[in-house]
Every structure is written in structure tokens, then in C-alpha cells.
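No lab work stands behind these numbers, since they all come straight from the coordinates. Computed from a predicted structure; not experimentally measured. No Cβ is skipped: glycine too gets one built from the backbone with ideal geometry, and neighbour counts run over all protein chains shown.
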């Protein structure tokens, strides 16, 4: 129990306390029961945290699968400092569109947009094995930082799972 609590505290600190970023992204992980179950389990193999570049911190949480390296469904969280190429949510969307086009044909659908964020879906076809053909994204801009939430699956989301992920994305806000 102590290890699980420490792991959860470390994850929260890792996700939201990147030293170069003044903003923090907050969302309700309980809206996706499979995500909550992974976090509650305290299994460190299900979480990958990469802060080698403090200007671009990446977390991956395997929601379904064996580990953060061998997943079927995952949540990716990226906290980054804007730069000349990616300074706004729209810039990041454009970059994701370019990156996806290099992998396989992709269709992006805008789902929601406000002054500081955009939520969209990517559906790809004819991709190489291992590339997730379906993903839901939310990109949010703070004052000194940008955040991306991406729920990805290597198959497809069930209607219930898609609704849960969209609810999680809608709950996301900056503090």
C-alpha cells in the first residue's frame, strides 16, 4: 500500500511539476475506469516517464496491455515549452497532421475548440504494425507552456471507451 501511494504521488508530481513549466494540466483520471485501475494498481511497468529534455516532458500510461512498452491502449501526456515551430495548439495540430501523413493516410476531425485548447480525433488506415490507427487528442496552451493529452489505441475504441476518454479530455484544464 505504501509503495502504491508513493508511486501515485511520484506520478502526480512528475506529470504536473515539471520545473520549467509554471502551468500544470489537471484532469479527472477517474472518468476512465481502466486508467484509474492502472494508477491504483501501482504497477511501475505500466508507466513511462521521460524528462531527459525538460523542454518536452513525455509520460505514457499503458491502460490496456502488458506494459508501457507493450500496450494496446495508452494515455500520452506531453508538457512542452513553445518554440518557433510549435507555439499554439493549432501549430501542434498541424505538426501532428504532418507527422501522421508520413506514417499512413489519416483523417483529422475537430471535436471541440475554445480560446486556449483544441480537441480532435485522428483515424488512420493502412499503417505499419504497431502504429495506433485511432487517437483522441487535446492540446491546451498556458502562458509559458503547451500540453497534449492523447488517448491512443492499436485497434479502435469501443463507444463507451471513446465517451470516457472524451469526458477525461473535457475535464482537462490548466491551473
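Assorted remarks:
- Among residues of the stretch 99-131, those that are under 21 Å from residue 168 (Cα atoms), surrounded by 15 or more Cβ atoms within 10 Å (Cβ to Cβ) and free of Cβ contacts under 8 Å to residues at least 40 places away in the same chain, counted: 5
- Evaluating residue 139 against the criteria (1) part of a helix (DSSP H, G or I); (2) surrounded by 18 or more Cβ atoms within 10 Å (Cβ to Cβ) leaves one unmet condition, (1).
- Scoring residue 54 on the criteria (1) in contact with a helix residue (DSSP H, G or I) (Cβ under 8 Å, 6 or more places away or on another chain); (2) outside any helix (DSSP H, G or I) leaves a single failure, condition (1).
- Test result for residue 46, exposed (fewer than 14 other Cβ atoms within 10 Å of the Cβ), within 20 Å of residue 168 (Cα to Cα) and under 17 Å from the mean Cα position of the chain (by Cα): no
- Hey, residue 96 touching a residue at least 60 places away in the same chain (Cβ under 8 Å) and either surrounded by 14 or more Cβ atoms within 10 Å (Cβ to Cβ) or more than 25 Å from residue 49 (Cβ to Cβ) (or both) or not: no
- Those residues of the stretch 118-157 which are within 11 Å of the chain's Cα centre (by Cα) and over 13 Å from residue 88 (Cα atoms), in sequence order: 135, 136, 137, 149, 150, 151, 152
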